[in-house]
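One structure below.
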Amino acid sequence: MRNFDGKTALHLCIENENFKSADIILSKLCNDPIDSHARSINDILPQLVANGLSSVGNYLDSRFGQTILLKDHFRRGTINKQNDLNYGLTTAELWPDKHKLKEKIFKKEEGKKSDTEIKAEFLDVVGVHTYTEDVGDEFFNALTETPDNTLFSHRSVQAIIDFKWPLAREFTIKVLFIPFCIYLAVFVTWSNVFNNFVYPVNERTWFSLWTADKVLCAILYFFSVYFLCNELRQMYHSGLGYFNQIWNYVDFIPSILIICIVSIKLRIQYCKYFRY
């Protein structure tokens, strides 16, 4: 239960760095039923992970549970599995519409009735599975920085990661990987084909080469600014801690160098052009 400041005993323990007491409280909460306290402590879950409380993994696993609805109406069927997992994942309210939930969980097989026994469970953890709440980002940031690798062996943590991974993978491929491949291909083409191109003397080909060179320069400018904006956004969210990661330097320095190189090359071409 929260006090008038909106804090539970667990919040106060973390604020006062009394991690031993916080660990004891978390262990006791493992025995609580579903929907008894999850909303009261969901905002502090990232800090529990970040501070390395030994009971975090067991606590999250204890949040698996079944309601009467799940026990009575979700016992047999063919699960709609995603991404080659041996189980299915979806989101639902604690007391969902039975028919809508069945449409989410089970495959549609007309004329067939599956006798496969299943076990449907709720994972009573609020907010960490979403992309719309800050606690979701904070929770995963804490996971990336935790030195406790055993945390990833808990099925609750695996389920949360498996649920968020498809959208994260799609985002990574469409927003980062594919643009980077195009960026790299354009830079390799420009640096190798047009590296010595200043002002061709062949009157039949110089305009085509000049146009292609400028188009590639424009594309390099665009992607350089695109990736720099991504890094600035990450810098804004990470603060000064951004500069503690060596890979961040690998991400933003090449874009700055490419902008400088292309600008110098265009300046040289401009000076050469007006000499003729």
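What follows is calculated from the coordinates using simple rules that are stated; it is not laboratory data. Note that the structure is predicted; figures quoted are calculated from it, not measured. Don't worry about glycine lacking a Cβ; one is built from the backbone with ideal geometry, like all the others, and counts go over all protein chains shown.
Sorting ILE253, ILE68, ILE261 from the fewest to the most surrounding beta carbons within 10 angstrom yields ILE68, ILE253, ILE261. Each label was represented as a point 7 Å from its Cα along the Cα-to-Cβ direction; for ASP72 and CYS229 these points are 5.3 nm apart.
For the listed peptides 40-49, 127-136, a ranking on the average number of other beta carbons within 10 Å per residue, highest first, reads 40-49, 127-136. Compactness of the range 165-273 was expressed as the Cα radius of gyration divided by 2.2 N^0.38 Å, which yields 1.30.
With angles folded into 0 to 90 degrees, how steeply does helix 155-171 sit against the dominant principal axis of the chain? Use alpha carbons for both and round to 10. Here the helix axis deviates by roughly 30 degrees. Local charge for LEU89 was computed over the other residues whose Cβ lies under 13 Å away, with Lys and Arg +1 and Asp and Glu -1, and equals +1. A prolate overall shape is assigned to the range 84-163, the ratio a/c of its alpha-carbon gyration tensor axes (a ≥ b ≥ c) being 1.5 or greater and a/b exceeding b/c. Taken along the Cα-to-beta-carbon direction at a fixed 7 Å, the label points for LEU266 and LYS81 span 5.3 nm.
Loop-located chymotrypsin sites (Phe, Trp or Tyr not before Pro) in the range 1-85 (DSSP state other than H, G, I, E, B) with a sparse environment of at most 11 neighbouring Cβ atoms within 10 Å: PHE4. Excluding same-chain neighbours fewer than eight residues apart, the lysines reachable from LYS174 by a Cα-Cα span under 29 Å are LYS81, LYS104, LYS107, LYS164, LYS214. At an R0 of 45 angstrom, the distance between the Cβ atoms of LYS174 and ALA9 translates into a FRET efficiency of 0.55. Highest mean packing comes first when the peptides 226-233, 29-36 are listed by Cβ atoms within 10 Å, giving 226-233, 29-36.
Per residue, the convex hull spanned by the Cα atoms of the chain measures out at 200 cubic angstrom.
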